[in-house]
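The values are calculated or read from the model by the stated rules, or taken from the named source; none is laboratory data. Here the structure is a predicted model, which is why all the values come from computation and not from measurement. For neighbour counting, all protein chains shown are included, and Cβ atoms are generated from backbone atoms with ideal geometry for every residue, glycine included. Side chains are part of the model used for accessible areas, which takes the heavy atoms of the whole protein and leaves out ligands, DNA and RNA. Shrake-Rupley method; radii C 1.70, N 1.55, O 1.52, S 1.80 Å.
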There are 2 protein chains.
Amino acid sequence: MKQSRMFIPTMRETPQDADSLSHRYMLKSGMIKQMAAGIYTYLPITKLVLNNIEQIVREEMNDIGGVEIHMPVLHPKELWEESGRWQAYGSELMRMKDRHDRDFALGPTHEEIVTALLRDELKSYKKLPLTLFQIQTKFRDELRPRFGLLRGREFIMKDAYSFHSDEASLDETYNDMYRAYSNIFRRVGLNYRAVEADSGSIGGSHTHEFMALSEIGEDIIVYTDESGYASNIEKAACIVPEAVDSAAQEALEKVPTPGVDSCLSLAEHLNIGLMDTTKTMVVNIDGEFVMILIRGDHELNDIKVRDYFGAEDAEFATDAEIRGIMNAAPGSLGPVGSSIPVYLDHQVDVMYNYPVGANTDEYHYINVNHGRDFEAAGTGDFRFITEGEKAEDYSGEVKFMKGIEVGQVFKLGTKYSESMNLNVLNENGRSVPVLMGCYGIGISRTLSAIIESHHDDRGIIWPKSVTPFDIHIITANPKDRDAQDAAEKLYEALGREYRVLYDDRKERAGVKFADSDLIGLPYRVVIGRGIKDGRVEIKARDSEETVEVEIGQVTEYLKANY
Amino acid sequence: MKQSRMFIPTMRETPQDADSLSHRYMLKSGMIKQMAAGIYTYLPITKLVLNNIEQIVREEMNDIGGVEIHMPVLHPKELWEESGRWQAYGSELMRMKDRHDRDFALGPTHEEIVTALLRDELKSYKKLPLTLFQIQTKFRDELRPRFGLLRGREFIMKDAYSFHSDEASLDETYNDMYRAYSNIFRRVGLNYRAVEADSGSIGGSHTHEFMALSEIGEDIIVYTDESGYASNIEKAACIVPEAVDSAAQEALEKVPTPGVDSCLSLAEHLNIGLMDTTKTMVVNIDGEFVMILIRGDHELNDIKVRDYFGAEDAEFATDAEIRGIMNAAPGSLGPVGSSIPVYLDHQVDVMYNYPVGANTDEYHYINVNHGRDFEAAGTGDFRFITEGEKAEDYSGEVKFMKGIEVGQVFKLGTKYSESMNLNVLNENGRSVPVLMGCYGIGISRTLSAIIESHHDDRGIIWPKSVTPFDIHIITANPKDRDAQDAAEKLYEALGREYRVLYDDRKERAGVKFADSDLIGLPYRVVIGRGIKDGRVEIKARDSEETVEVEIGQVTEYLKANY
């Protein structure tokens, strides 16, 4: 493609209003143009990259037996009322009325449509399993669209839905999808982790989020480099520490601690480390109060607490509630003489001679030991993991990284088939609801995530698997006829084996090089002064390695190195 | 692909509510499923065919330098107000409000978006010409959606827009597009004609409609088999007849014609042919009345009349107006002694001794001759052409056929660039509006048009260029283990060179054959009883030619014949 005929409106200045690196680089390299908040036109370079990503997704979906369909954008309200989501989805669901005043949603996801599609056609378990997918524009009326294509209101998704008559079949497809997603994100060049996620109201831990590691993500991912281990920080389990040799138990002592209202001030006051202190919290577990002790340098994880007690809700008690129960300020609480059950985090369970609040304002006990000074009702994992601890799979020390969710696999079970009556006759002739899975990939979001992790300070560095072109041919001096002739010939020759962008514009060399760095194709061939000796320069965008070769050797060099 | 894993819900009964052949066959062969009026899910077979059509369109667009982009579905109201179409487009424009109460249209076409896109980026004529295209879902709130995908409310279009600094460049791209469109419709297997169309309010004859010939079209196309000649019937010119040898002029005579009020009753009364009579019409041309004579067997074409007089409007005079001017009934009008100018159709110009109304109720003149009995103010082409006449390019006799509009190429000129301020600096540094062209293809509509012209009474017969699969493998008896093993092996072997659909379902042979005819792949390989002698049957869907070959020879046979 000749660059003069392509539409790549690069910018000299870095746009200041863009709020993420990928957003800035997409604007600066002429890849997108905003039409309204969160609504973009994808310019030629973007479209080429999207086509490449979509092709990889299609191949991997086909490979696991997925069949491509295309469902409508306009969803009749009646279907969303059946599932109960017409109300539940809230104002993120875009809605419209047609000329006959009928209500439609603009599809943000297609569970309702695909369930309605199948319920008229599926009669018997013999037609199962079935996996349908589509690649399509979706709509979500984000309150605050931002980060360019990462959080837009109109975006491209791959969504897939699978249908099964038994759990084993759902498990199999779920695992196939997991594998296909791993292949997809590996192939497009993302450093990703599959994270077991909280499935919210659906229940069960039957969902994984695929997170591209990135500094601008909104979730914290806990992972190790030594294995595939990754978890959302809310879910990351802390390993149970080995018991330490029992130390001599010293005498319990009540000491005044004037002005102490935190673990940090207690540690200073007692001249000990923060990790030698403890934190006592009162938590309301579905209406029952309990006391939980964690180490002073740790943070309570309310989701773990909720799960430990199998509760609906776990909330910190208010100051007034604490005063009512313990007759002490939150900074002076402790388990000794507590009227409510006391639970210990595993890390407190292995501590000796530690300080706790005395349930008297501005007094603490020191040299406390559980078993002697109070009895614990139980021990558990009640806290957030910290960076550098051992991972729960013992593969290594955990690191923290923010992540961008680029995909999710999800066992829906019978949520939609029950509310919308998608049943089949099973082997015994009984009507049973169909088991479903759903599997999404944000295609335009994946593109942004690729840029977030493949760039330097001059521009994008496309992975070869998704690059819009393989090679950028540039003439340094557009007035040099010999260079131009050589470029045209090379463009034609390389075009037979590679996708080539040829910068034939009448621009200064500096502008062309800057644009070329921004656009970020894997190889650049510069036809400059050396052409008078039949030599051109080849530069790799990633390694920045530069070589001079004879013009007749360019194809050979690229074949050996591309 | 194994048919058991594909989703092809064929029907045994022909759906009665479908209103076109393609609609019926798409429902019956499990290609589409309606979600709401004019809104469909495209099932796997449809998606495969659409992908093939889109690929052909992409190739031809790229071939003429078109660059692919992807514009938003949601269009801010402000842009449509700039062009004046927010009101003008009427209730076919689907509209919605976002959560902030801002108005958007769901794009039925993208002139506003593409013009807004370019006006910020295009500064100089040096960046021109430029051709951008996209393949995308579009929306139009049809009052009465019908014919399946032929007139839907949500449909897939290819739309392209070109930008130029001078007419010559616009002409060149227009011609390139015309050629690309011809290639596309030829490649997908349509019998099409490019028809010069009425460009309506835009002015000029700078538009062609590409019509797929089909019985269910809404427009009548006039064409010949001998050349590419085709025209909308409104536009099809009648050739000027050669003058016949002058006959002896007989004496003018006024005869009573009681009860005669039409050419047909006049012909009966006088015992002459209908084509020997004349029809006198009074037409209101922008407020001035004229009289036009055409032959009794012809129909007046008001568009030709309007164009002849260069008028805004040409309307038949009312009975009251006629009575006021001529003091006679419409059935007794004639040019002799007329107080308003008289015009003759070319075919009347070569008549002698013909009858006309006498401007006295129930009286006619016979043996009238213009020049002697009255003077004509002019002659012209005022009528619709009839089937069997010579075409205006003299290539042969015209035929009539209905047509489905599958594409249109259009010179927009400066309509949008002027209203929306898309200007560039020209060679002299002056700001001038950009010339634009727009070019559409209905992708989903093209698919329907293909089925309308490629079928028999058992189902679809896909052209090889767009067929969803090349070969259908069928085992006649699913309980025959040998046949099944042979089928599996053949499926694998053929799969290396062809796209194969393998009907592995446990259905009766009759069901499989009926489905196979419906689905309509080019070749069917049946593994039946002959397999015990190592022989299978190959049948071509179009010619119905059937051969029996050894199973080892199938690939060879197909290579020679596909």
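Filter the range A:115-160 down to the residues that are of a type in the set (Phe, Trp, Tyr) and touching a strand residue (DSSP E or B) at 6+ places or on another chain (Cβ under 7 Å), then identify the one that is farthest from A:Pro76 (Cα to Cα). Among those that are of a type in the set (Phe, Trp, Tyr) and touching a strand residue (DSSP E or B) at 6+ places or on another chain (Cβ under 7 Å), it is A:Tyr125. Looking across the range A:323-381, just one residue is part of a helix (DSSP H, G or I), within 20 Å of A:Val240 (Cα to Cα) and of a type in the set (A, V, I, L, M, F, W, C), and that is A:Val348. Residues being touching a residue at least 40 places away in the same chain (Cβ under 8 Å) and at positive phi are represented in the range B:421-428 by at least one member. All conditions but one from (1) in contact (Cβ under 8 Å) with a residue 40 or more places away in the chain; (2) under 30 Å from A:Met1 (Cα atoms); (3) more than 8 Å from chain B (Cβ to nearest Cβ); (4) open to solvent by less than 10 Å² (accessible area, probe 1.4 Å) apply to A:Phe133; the one that does not is (2). Applying the condition of being of a type in the set (Ser, Thr, Tyr) and surrounded by fewer than 24 Cβ atoms within 10 Å (Cβ to Cβ) to the range A:136-180 and asking which residue is nearest to the other protein chains (Cβ to nearest Cβ) yields A:Thr137.
What do you reckon, is B:Tyr498 open to solvent by 10 Å² or more (accessible area, probe 1.4 Å) and assigned to a loop (DSSP other than H, G, I, E, B)? Lay out the reasoning, then the answer.
Values: open to solvent by 10 Å² or more (accessible area, probe 1.4 Å): yes; assigned to a loop (DSSP other than H, G, I, E, B): yes.
Here the answer is yes, as B:Tyr498 does meet what is asked.
Taking the condition modelled with pLDDT of 90 or more and among the polar types (S, T, N, Q), does A:Asn271 pass? Spell out how you get there, then give the answer.
Values: modelled with pLDDT of 90 or more: yes; among the polar types (S, T, N, Q): yes.
Spelling it out, A:Asn271 is indeed modelled with pLDDT of 90 or more and among the polar types (S, T, N, Q).
Entry remark, the range A:96-117: residues being more than 7 Å from chain B (Cβ to nearest Cβ) and either aromatic (Phe, Trp, Tyr) or out of contact with any helix residue (DSSP H, G or I) (no Cβ under 6 Å at 6 or more places or on another chain) (or both) number 11 in total.
Being of a type outside the set (A, V, I, L, M, F, W, C) and without any contact (Cβ under 8 Å) to a residue 40 or more places away in the chain narrows it down to one residue among A:Gly380, A:Gly357, A:Gly337; which is it? Walk me through how you get there before you give the answer.
Values: A:Gly380 fails: without any contact (Cβ under 8 Å) to a residue 40 or more places away in the chain; A:Gly357 fails: without any contact (Cβ under 8 Å) to a residue 40 or more places away in the chain.
The unique qualifying residue is A:Gly337.
Applying the criterion of being within 12 Å of chain A (Cβ to nearest Cβ) and small (Gly, Ala, Ser) to the residues of the range B:75-95, the residue that is farthest from A:Asp98 (Cα to Cα) is B:Gly90. The set of residues in the range B:419-439 that are closer than 20 Å to B:Tyr174 by Cα and either open to solvent by 80 Å² or more (accessible area, probe 1.4 Å) or not assigned by the TED database to the domain that holds B:Thr173 (or both) is empty.
Tell me the residue from A:Thr41, A:Thr46 that is within 8 Å of chain B (Cβ to nearest Cβ), in contact with a His (Cβ under 8 Å, 6 or more places away or on another chain) and touching a residue at least 60 places away in the same chain (Cβ under 8 Å), please. I'd like the intermediate steps shown before the answer.
Numbers: A:Thr41 fails: touching a residue at least 60 places away in the same chain (Cβ under 8 Å).
Result: A:Thr46 is the single residue among A:Thr41, A:Thr46 that is within 8 Å of chain B (Cβ to nearest Cβ), in contact with a His (Cβ under 8 Å, 6 or more places away or on another chain) and touching a residue at least 60 places away in the same chain (Cβ under 8 Å).
Every condition in (1) in the same structural domain as A:His364 (by the TED database); (2) out of contact with any helix residue (DSSP H, G or I) (no Cβ under 7 Å at 6 or more places or on another chain) is met by A:Gly217 except one, and the failing one is (1).
Which residues, counting only those in the range B:49-58, are of a type in the set (A, V, I, L, M, F, W, C) and more than 10 Å from every other protein chain (Cβ to nearest Cβ)?
Applying the first criterion (of a type in the set (A, V, I, L, M, F, W, C)) to the range B:49-58 yields B:49-50, B:53, B:56-57.
Listed by number, the residues that qualify are B:Val49, B:Ile53, B:Ile56, B:Val57.
Hey, could you check the range B:503-515 for residues that are within 14 Å of another protein chain (Cβ to nearest Cβ) and among the basic types (Lys, Arg) and say which is surrounded by the most Cβ atoms within 10 Å (Cβ to Cβ)? Across the range B:503-515, the extreme among qualifying residues is B:Arg505. So is B:Val466 part of a loop (DSSP other than H, G, I, E, B) and open to solvent by less than 20 Å² (accessible area, probe 1.4 Å) or not? When the stated conditions are applied, B:Val466 passes them.
This table checks each residue for (1) touching a Ser or Thr at 6+ places or on another chain (Cβ under 7 Å); (2) within 23 Å of A:Gly459 (Cβ to Cβ); (3) surrounded by 13 or more Cβ atoms within 10 Å (Cβ to Cβ).
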site: A:Asp517; (1), (2), (3): no, yes, yes
site: A:Gly528; (1), (2), (3): no, yes, yes
site: A:Lys532; (1), (2), (3): no, no, no
site: A:Arg535; (1), (2), (3): no, no, yes
site: A:Lys539; (1), (2), (3): yes, yes, yes
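Here the strands (runs of 3 or more DSSP E) wholly within the range B:199-290 that include at least 1 residues being under 30 Å from B:Ala358 (Cβ atoms) and open to solvent by less than 40 Å² (accessible area, probe 1.4 Å) are B:253-256, B:278-285. Scanning the range A:1-34 for residues that are out of contact with any strand residue (DSSP E or B) (no Cβ under 6 Å at 6 or more places or on another chain), within 24 Å of A:Asp141 (Cα to Cα), open to solvent by 30 Å² or more (accessible area, probe 1.4 Å) and outside any helix (DSSP H, G or I) yields one hit, A:Asp17.
Return yes or no: is B:Glu397 within 24 Å of the chain's Cα centre (by Cα), open to solvent by 60 Å² or more (accessible area, probe 1.4 Å), at pLDDT below 95 and not assigned by the TED database to the domain that holds B:Phe155? It would help to see each step written out before you state the result.
Values: within 24 Å of the chain's Cα centre (by Cα): yes; open to solvent by 60 Å² or more (accessible area, probe 1.4 Å): yes; at pLDDT below 95: no; not assigned by the TED database to the domain that holds B:Phe155: yes.
Criteria not met by B:Glu397.
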